[in-house]
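Enquirer: Below is one structure. I have some questions about it.
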Amino acid sequence: MVSGFSGEERRKHSGKCIDCGEVLELYMLDLKKNRRILKCKRCELFHTYTKDLLGKWKLAKAAKVSDL
Ligand SMILES: [Zn+2]
């Protein structure tokens, strides 16, 4: 499922739960590490995004616990 995403699509929908598709809300922003964590409103899954060299946010991990 994840491999089918295009770059454009990812930019538009950077905040969608990979599990249930619900909109994500910002949980934590870590500018020092170029990282942000979003949380699903419905199933409470944490999504960790990191910024790549081009400045795009990429999903690095999704987990039920935010092990920062
Ligand atoms: Zn969800």
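Enquirer: Among the residues in region 40-53, are any more than 14 Å from the ligand (Cβ to nearest atom) and outside any strand (DSSP E or B)?
Expert: Within region 40-53, one or more residues are more than 14 Å from the ligand (Cβ to nearest atom) and outside any strand (DSSP E or B).
Enquirer: Just checking, which of Glu25, Glu9, Glu44 is modelled with pLDDT under 90 and among the acidic types (Asp, Glu)? Give the derivation first.
Expert: Working: Glu25 fails: modelled with pLDDT under 90; Glu44 fails: modelled with pLDDT under 90.
Result of the check over Glu25, Glu9, Glu44: Glu9.
Each row is one residue, and each column tells you yes or no for (1) within 15 Å of the ligand (Cβ to nearest atom); (2) at pLDDT 80 or above.
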position	(1), (2)
Val2	yes, no
Leu29	no, yes
Asn34	no, yes
Asp67	no, no
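Enquirer: Could you please find all residues in region 16-27 being within 14 Å of the ligand (Cβ to nearest atom) and part of a strand (DSSP E or B)?
Expert: Our first condition is that a residue be within 14 Å of the ligand (Cβ to nearest atom); within region 16-27, this holds for 16-25, 27.
Passing the criteria: Lys16, Val23, Leu24, Glu25, Tyr27.
Enquirer: Is there any pair linking a residue in region 22-41 that is over 14 Å from Ala60 (Cα atoms) to one that is aromatic (Phe, Trp, Tyr) and surrounded by 13 or more Cβ atoms within 10 Å (Cβ to Cβ), with Cβ under 7 Å and at least six apart or on different chains, and which?
Expert: Partner pairs satisfying both residue conditions: Tyr27/Phe46.
Enquirer: Kindly provide the set of residues from region 15-38 that are surrounded by 13 or more Cβ atoms within 10 Å (Cβ to Cβ) and basic (Lys, Arg), ordered by number.
Expert: Passing the criteria: Lys16, Arg35, Arg36.
The values are calculated or read from the model by the stated rules, or taken from the named source; none is laboratory data. Note that the structure is a prediction, hence the values are computed from the model and not measured. Please note: Cβ atoms are built from the backbone with ideal geometry, for glycine as well, and neighbour counts cover all protein chains shown.
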